[in-house]
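Accompanying notes for the structure given below.
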Amino acid sequence: MDILVCISKTPDTTAKISFKNNDTEYNTDGVNFIMNPYDEWYALVRAIELTEQLGGSVTVLNVGPSSNDIIIRKALAVGGAGAVRIDTDATDSYTVAANIAEYAKSKHYDMIFLGKETIDYNGSEVGAMVAELLDLPFISYAIQMESDGNSSTITREIEGGVEVCKVEGPAVISAAPGLAQQRIPNMKGIMMAKSKPLTVVPAILQDPKVSTVKYQLPPAKSGVKLVDPENMDELVRLLHEEARVI
Amino acid sequence: MSVLVYVESPDGHFKKTGFEVASYASKLAATMNTDAIALVIGKADQAGDLGKYGVSQVIHVNSNDNIGFDSQALSRIIADTAKEVNANVVILTHSSSGKALAGRIAVRMDAGLASGVNALPDVSDGFKVTRSVYSGKAVATVSINTPNKVVSVMGNSISVDASGSAVTPDNKSVSLPATKLQVIEKKVVSGSVPLPEAELVVSAGRGMKGPENWGIIEDLAAALGAATACSRPVSDADWRPHSEHVGQTGIAIRPNLYIAIGISGAIQHLAGVNNSKTIVVINKDPEAPFFKAADYGVVGDLFEVVPRLTEAVKKFKNQ
Ligand SMILES: Cc1cc2nc3c(=O)[nH]c(=O)nc-3n(C[C@H](O)[C@H](O)[C@H](O)COP(=O)(O)OP(=O)(O)OC[C@H]3O[C@@H](n4cnc5c(N)ncnc54)[C@H](O)[C@@H]3O)c2cc1C
């Protein structure tokens, strides 16, 4: 099974969130970047497990500038066989999706994996777009997946439960917690990753369909009101009369 | 020009999030001096009731084949309908289905997509709308630059307005495109409140010591009519299902009330919950970082405080 895994780069989960240029741009000063956790922990690892079981290999794909090579090498250290970087500093999800789809069209992949969303834009947009551009089924929020190489059974999360579906042939799958267990690359993996192929291809660009015009930080809380642990009637009263939430 | 809103009817019924998007579309259509049209696909009782939320027309697509959820087939019906009714804006719920449809519809309509928005757009100069980013740590205003637009709306972010009146739905049948995906089973826990839509959430962390102690959390949730959630180490240890994991790498929620019990308040946890309207923290450590993000705090042993709170809630409900 040959699988394409799309990964993206996001600020570290503990990164300070601040903005510059009149609140129009994320301030990357001192920010450490990581591979988006849903891509790394779930999509990439499940894809590697499937190739270990069924044969074939995992190609890692990132749409981004050369500074992303560090996370691409990490994905190779976890177990990707080779990588492709489509060279652009893309800002909107459509440009990312269009470039992924264009690349995937020229190859044959049995499956395309990505994380359910990025932890910075939280859009859940790219997977569905790639699926539509390639006219493939899309199974989002996969928490379990088994495949025999052609027929796959996937459990996806829905509101208040799960749905189990079966798909024949290639599909796009977005990975959610539960699909796999995070793999920490070992020394051998890190050494091998250095010599694995990383191909850089030019991007197709067009005007962004969506752009961010301004960022704001949410209003700060005014401070905590402490309630006597012996007096829960008082907490209930506050929630009812003051906060008006019950 | 018109605004088309797709209203989900899981198991034949609309949900609150469905009424929210109908209200959203109607309010938006009013500011654009046009009509909002609702689209319902598959089984739905009283589809015409959506008129109460301000839509002027309800199109009810009845399909005899029970397709289950297939984004490929559904997105085609929605995009085709948008074309037929000359809609340049399509509104969806930012639900598991909505997220799987939004990107597909945007591609079909060559539209810009703003997903998970939390307010009505400003259409005075272009089309600008706010959405939460960085897992709830910031808010972005995004501009959709294309003539066609797709917007998915986050639950609990717009108030429902039911001051209109019901309409007679226009029934329509469409032949479904062949589908490569087959839904074989759907398991929904009945009676429980799905976490992303819940207005009240009771959440617990590693302070619970083990899964066998979750009875007090479920009792409190039942007394309040709340959904249950947990921190990441709790679901990683399989004390609770992954679907309850909230935070930066779990799900992001914005309920009216979030009660955090035995959770320290790590930055990755706060990221997914700090848009909650009111936060209550119960923790025995007065230095727990969560207190800084809380509206109300109780410093005490959760094994004593939680049952006491449950009794107080029951007493209040019985009044
Ligand atoms: C990349 C990354 C992503 C992450 N994503 C998430 C995420 O999405 N969601 C998430 O939750 N975490 C996430 N984490 C983990 C996060 O950093 C914390 O480790 C986690 O949130 C801690 O969980 P906790 O509060 O349940 O446990 P702890 O930090 O161990 O806190 C337990 C709390 O319980 C209190 N307590 C103990 N006993 C009692 C008692 N008897 N009565 C009252 N209080 C008591 C303690 O005082 C303590 O404050 C992530 C971490 C990383 C590195």
With all protein chains present, calculate the accessible area of A:Val200 using a 1.4 Å probe and round the result to the nearest 10 Å².
70 Å²
Where Lys and Arg each count +1 and Asp and Glu each count -1, what net charge lies around B:Ala294 among other residues with Cβ under 12 Å from its Cβ?
+2
Semi-axes of the equivalent ellipsoid of the stretch A:2-217: what are they in whole Å, largest first, if each equals the square root of 5 times a C-alpha gyration tensor eigenvalue?
26, 20, 18
Averaged per residue, the 1.4 Å probe accessible area of the stretch A:2-217, protein heavy atoms only, in Å², is roughly 39 Å²
Chain lengthening between B:Val183 and B:Val123 when straightened (0.36 nm per residue, less Cα-Cα)
17.6 nm
Once label points are set 7 Å from the Cα along Cα→Cβ at both A:Thr153 and A:Gln206, what is their separation, rounded to one decimal in nm?
4.0 nm
Just tell me which lysines come within less than 22 Å, Cα to Cα, of B:Lys180; anything on the same chain fewer than 8 places away is out.
A:Lys105, A:Lys107, A:Lys116, A:Lys166, B:Lys43, B:Lys99
In whole µm²/s, the translational diffusion coefficient that Stokes-Einstein assigns to the stretch B:2-172, given a Kirkwood hydrodynamic radius over C-alpha pairs, 20 °C and 1.002 mPa s, equals 136 µm²/s
Suppose accessible area is computed on protein heavy atoms with a 1.4 Å probe; arrange B:Asp238, B:Asp170 from highest to lowest.
B:Asp238, B:Asp170
If you take the accessible area of B alone plus A alone and subtract the pair, what total do you get in square angstrom, rounded to 100, with a 1.4 Å probe?
7200 Å²
Over the stretch B:2-172, average the accessible area per residue using a 1.4 Å probe and give it in Å², no decimals.
34 Å²
Can you order the peptides B:298-310, A:63-75, B:157-169, B:19-31 by their average number of other Cβ atoms within 10 Å per residue, highest first?
B:19-31, B:298-310, A:63-75, B:157-169
Ignoring everything except DSSP H segments at least 4 long, calculate the 222 nm mean residue ellipticity for chain A; use -39,500 (n - 2.57) per segment, divide by total residues, nearest 500.
-6500 deg cm²/dmol
Measuring from its Cα centre, the stretch A:2-217 shows a charge dipole (+1 at each Lys and Arg Cβ, -1 at each Asp and Glu Cβ) which, in debye to the nearest 20, is 680 debye
Within straight-line cross-link reach of B:Lys314, aspartates and glutamates at Cα separation under 13 Å, skipping those fewer than 8 residues along the same chain
A:Asp233, B:Asp219
If you count the DSSP beta bridges with both ends in chain A, what percent of them are antiparallel, to the nearest 5?
45 percent
Return one number: the angle in degrees, 0 to 90 and rounded to the nearest 10, between the long axis of the Cα atoms of helix A:45-54 and the longest principal axis of the Cα atoms of chain A.
30 degrees
Rounded to whole Å, give me the distance from the Cα center of the stretch A:201-241 to that of the stretch A:40-70.
33 Å
Probe 1.4 Å - accessible area at B:Ser9, Å² to nearest ten
20 Å²
What trypsin sites (Lys or Arg not before Pro) in the stretch A:200-246 are in a loop by DSSP, with at most 15 other Cβ atoms within 10 Å of the Cβ?
A:Lys221, A:Arg244
Shape call for the stretch B:157-230 from the C-alpha gyration tensor, a ≥ b ≥ c root eigenvalues: rounded (a/c under 1.5), prolate (a/b greater than b/c) or oblate?
oblate
Can you list, bin by bin at 20 Å, the percent of alpha carbon pairs in chain B, starting at 0?
31, 52, 17, 0
By how many degrees, 0 to 90 and rounded to 10, does the Cα axis of helix B:302-318 deviate from the longest principal axis of chain B?
60 degrees
What is the list of residues in the stretch B:73-93 whose amide nitrogen lies under 20 Å from a point 7 angstrom out from the Cα of B:Ala162, following Cα to Cβ?
B:93
What translational diffusion coefficient, to the nearest whole µm²/s, does the stretch B:195-317 have by Stokes-Einstein, given a Kirkwood radius computed over alpha-carbon pairs, a temperature of 25 °C and 0.890 mPa s viscosity?
176 µm²/s
Place a point 7 Å from the Cα of B:Asn213 in the direction of its beta carbon; the residues of the stretch B:247-271 whose amide N falls under 11 Å from it are B:262-263
Which value in Å is the Kirkwood Rh of the protein assembly as shown over different Cα pairs?
24.3 Å
Antiparallel content of DSSP bridges confined to the stretch B:2-172, in %, to 5
25 percent
Using Cα pairs closer than 8 Å and at least 6 residues apart in sequence, work out the relative contact order for the stretch A:40-126, in percent.
30 percent
Let me spell out the model: positive unit charges on the Cβ of Lys and Arg, negative unit charges on the Cβ of Asp and Glu, origin at the Cα centre of the stretch B:26-152. What dipole size does that give, in debye rounded to 20?
380 debye
Round to the nearest 10 and give me the degree value, 0 to 90, for the angle of helix A:93-105's Cα axis relative to the longest principal axis of chain A.
20 degrees
Enumerate the calculated ³J(HN,Hα) couplings along the stretch A:148-158 in order (Karplus 6.51 cos²θ - 1.76 cosθ + 1.60, θ = phi - 60°), each rounded to whole Hz, writing x wherever the residue is Gly or Pro.
9, x, 10, 9, 10, 10, 10, 9, 10, 7, 10
Just to verify a number: what accessible area does B:Glu311 come out at with the full protein assembly present, 1.4 Å probe, Å² rounded to tens?
110 Å²
For the stretch B:100-208, what is the charge dipole size about the Cα centre, in debye to the nearest 20, if Lys and Arg each add +1 at the Cβ and Asp and Glu each add -1 at the Cβ?
480 debye
Positive end of the dipole of chain B, charges at C-beta (+1 Lys, Arg; -1 Asp, Glu), about the Cα centre: which of B:Asn274, B:Pro147, B:Ile251 has its Cα farthest in that direction?
B:Pro147
For the protein assembly as shown, what % of the accessible area comes from carbon and sulfur atoms, probe 1.4 Å?
49 percent
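The values are calculated or read from the model by the stated rules, or taken from the named source; none is laboratory data. Every value quoted in this text rests on a predicted model; they were computed, and no experiment measured them. Please note: Cβ atoms are built from the backbone with ideal geometry, for glycine as well, and neighbour counts cover all protein chains shown. Just so you know, the surface numbers come from the protein's heavy atoms only, side chains and all, with ligands and any DNA or RNA stripped out. Shrake-Rupley method; radii C 1.70, N 1.55, O 1.52, S 1.80 Å.
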